[in-house]
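Take a look at the structure below.
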Amino acid sequence: MQTNFNLSQLTNPDIEHAEKILRSCVHCGFCLATCPTYQIKGDERDSPRGRIYIIKDVLEKDNTPDATAVRHIDRCLSCLSCMTTCPSGVDYMHLVDQARYRIEESSVRAWHDKFLRKLISFILVNPQIFRWLLFSAIFPSYLTSILPGRLGAISRLIKVNSFNNSGYSRPQKFSPTSDPIGRVALLAGCVQQVIAPRINKSAVRLLTRLGFEVTIIAGFGCCGAIPQHMGRRQDTIDLARENLHALSIEESQNGKFDAFLTTTSGCGTVLKDYGHILASESNIENLSTRFSDLVMDISEFLYKSNIKNLIKDSKNIRVAYHPACSLQHGQNIVEAPKLLLKYAGYSILNFPDSHICCGSAGTYNFLQPSIATELQARKAKNILSTKPDVVATGNLGCIVQIGQSIEVPVLHTVELLDWASGGPKPEMLDKGIAGA
């Protein structure tokens, strides 16, 4: 793609990076076939190629994005399916991030939209506050089905889930029964530790069973995915910097980790990008680059471990595996989770359009509830066409989004692996499932 930035603009590192990304696009249009919003809207401005033209225009002219540009950028899920499809390797993820930064730093949004985004970002990155909201159940049950738009989407999340607390989220160390074969850190998470603490509980049991010492690092908070998704650049940088500071303190006191693990693939995609997010922070550049290399999704790590030796009971259960976008497109981890489930004896079902987003996409189901709901319905229909006993996936947002639309239990992959290797049966599984 031809660009027309002037020399003055190209002295800005952001513009210089954007120009390289824009020039790599060859207008082929392959991305249209796998873009969820283009499939629904049929408007090229709601496709990666269309958004690239919009972003190019805004950046070249150094304009404040207008309402049309904001609407189409906001509709992007950041599912990154386009990056998997693109034959030219266009770094769409970092380009659309720049567009979101430009929008949030401008005064283009209405005050109520800005307030809602700031409120969501504040609540979801603070587990104590979010836990209180769940506990207080601020929306009466009869309202959740009738509240419109964004408010309805938020209220349904709050009502679908219940107040939870877990000792597995507090800073601490979990030791295996024998001498440890390695030392790993595990992300406690924000929303996940409130809504589904059972996931990290399963991960800790499985990892210690394998012989690893597991640490929840003191002071390591939100990964930054939520503010990043909403274009709040400085908030993301601040969280990343604080997290690396916490990591540095822990490693200086107790030694370096072999891996930093996450059970939420949406978080993993951002954590692996700390080297880019903190590129301007020269004082921690080496640490951020090392950390990016240290981060692994739990399925990625387990696949490289001797988990086969742990399997005690083959489960004759039909599992529809939903590949989270942040895992298959953001981290290019496709086969490992399915192979792990096969090793554990589960029967893996492939369903149509599994590469298409379920509509969760971080805060997307709050901010774009109409499109998110349509994607949710499509995903549910495709999953149910295989008649599964259970659905497995590697991301909390997908678990919640899909779980709202089907009655089949939706679990994290690690819960099923924990069960097959001697852990307790997941509470969400119906006792009537064959082979359970």
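Data overview
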read-out	value
Failed condition for Lys315, given (1) surrounded by fewer than 21 Cβ atoms within 10 Å (Cβ to Cβ); (2) in contact with a Gly (Cβ under 6 Å, 6 or more places away or on another chain); (3) touching a residue at least 24 places away in the same chain (Cβ under 8 Å)	(1)
Hits in the stretch 385-398 (condition: outside any strand (DSSP E or B) and over 11 Å from the mean Cα position of the chain (by Cα))	Ser385, Thr386, Lys387, Pro388, Asp389
Selection status of Gln228, in a helix (DSSP H, G or I) and either in contact (Cβ under 8 Å) with a residue 60 or more places away in the chain or over 30 Å from Ile73 (Cα atoms) (or both)	yes
In the stretch 89-129, residue surrounded by the fewest Cβ atoms within 10 Å (Cβ to Cβ) [restricted to those that are free of Cβ contacts under 8 Å to residues at least 60 places away in the same chain and among the β-branched types (Val, Ile, Thr)]	Ile129
Only listed residue being among the hydroxyl-bearing types (Ser, Thr, Tyr) and closer than 29 Å to Ile311 by Cβ, chosen from Thr386, Thr373	Thr386
The stretch 189-211: number of residues that are in contact (Cβ under 8 Å) with a residue 40 or more places away in the chain and not in a helix (DSSP H, G or I)	3
Criterion: more than 27 Å from Ser81 (Cα to Cα) and charged (D, E, K, R) - qualifying residue of Lys338, Lys308	Lys308
Positions within the stretch 1-47 being among the aromatic types (Phe, Trp, Tyr) and over 30 Å from Gln376 (Cβ atoms), in sequence order	Phe5
Single match in Ser282, Ser299, Ser248 (criterion: small (Gly, Ala, Ser), over 29 Å from Ala99 (Cβ atoms) and surrounded by fewer than 21 Cβ atoms within 10 Å (Cβ to Cβ))	Ser248
Tally, over the stretch 282-299, of residues that are within 25 Å of Leu429 (Cα to Cα) and either without any contact (Cβ under 8 Å) to a residue 60 or more places away in the chain or not hydroxyl-bearing (Ser, Thr, Tyr) (or both)	2
Segments classed as helices (runs of 4 or more DSSP H), wholly inside the stretch 303-383, with at least 3 members that are touching a Ser or Thr at 6+ places or on another chain (Cβ under 7 Å) and modelled with pLDDT under 90	none
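The values are calculated or read from the model by the stated rules, or taken from the named source; none is laboratory data. Model, not experiment: these values are computed from the prediction. So basically every Cβ, Gly included, is an ideal-geometry build from the backbone, and we count neighbours across all protein chains shown.
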